[in-house]
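Asks: Shown below is the structure under consideration.
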Amino acid sequence: MYLINYADKSCINRLTEIAFSAKRFWNYPEEYYDIWKNELTITEDYLKNNVVKTIGTKGIIMGFYSFCYIDKEIHVGDIIVDSGFWLDHMFLEKKYIGKGLGKIMFNDLVVEVKNKGGIFLIFLLILLQKDFM
């Protein structure tokens, strides 16, 4: 049985380790990890500003996800990021990929966003990205 819990500061090193490990699953060039260092490093401030939940069993953290709320749209060049809830991270340690844990985390994410009054549209964005990859 897998448990999903809110992350706390005692697990930030483990979450950072999982983030880097999971990102390496996709074989990006090594120099990218220097660029992504701040984004993939989970800190106490990150925990305060985002909803971060872990999945694991018997005291072992196997993965985590996080999301945030953006209260007004953001313009980055020609890109507009709408206000609302946004998935920031969803990572599993490599050895746990393919065991259904991502689905469990995703379902929990949907419940969390809906409980906070959000409308869940991230799934549509993922499908669109998959079609164009």
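Asks: Could you grab me the full set of residues in the stretch 67-109 that are of a type in the set (Gly, Ala, Ser) and in contact (Cβ under 8 Å) with a residue 24 or more places away in the chain?
Replies: 84, 102
Asks: Moving on. May I ask you to list pairs of residues, at least six apart or on different chains, whose Cβ atoms are under 7 Å apart, with the first in the stretch 39-59 being farther than 14 Å from residue 14 by Cα and the second being in a helix (DSSP H, G or I) and not aliphatic (A, V, I, L, M)?
Replies: From residues that are farther than 14 Å from residue 14 by Cα, the pairs are 51/112.
Asks: From 13, 5, 50, grab the single residue that is over 21 Å from residue 117 (Cα atoms) and of a type in the set (S, T, N, Q). So that I can check it myself, show each step before the final result.
Replies: Numbers: 5 fails: over 21 Å from residue 117 (Cα atoms); 50 fails: over 21 Å from residue 117 (Cα atoms).
Answer to the selection: 13.
Asks: Looking at the stretch 6-20, which of its residues are surrounded by 13 or more Cβ atoms within 10 Å (Cβ to Cβ) and either in a strand (DSSP E or B) or modelled with pLDDT under 90 (or both)? Working first, answer last.
Replies: To start, the set of residues in the stretch 6-20 that are surrounded by 13 or more Cβ atoms within 10 Å (Cβ to Cβ) comprises 7, 11-12, 14-20.
The answer is none; no residue qualifies.
The values are calculated or read from the model by the stated rules, or taken from the named source; none is laboratory data. Just so we're clear, the structure is a prediction, and the values are computed from it rather than from any experiment. Every residue, glycine among them, receives a Cβ derived from its backbone with ideal geometry; neighbour counts consider all protein chains shown.
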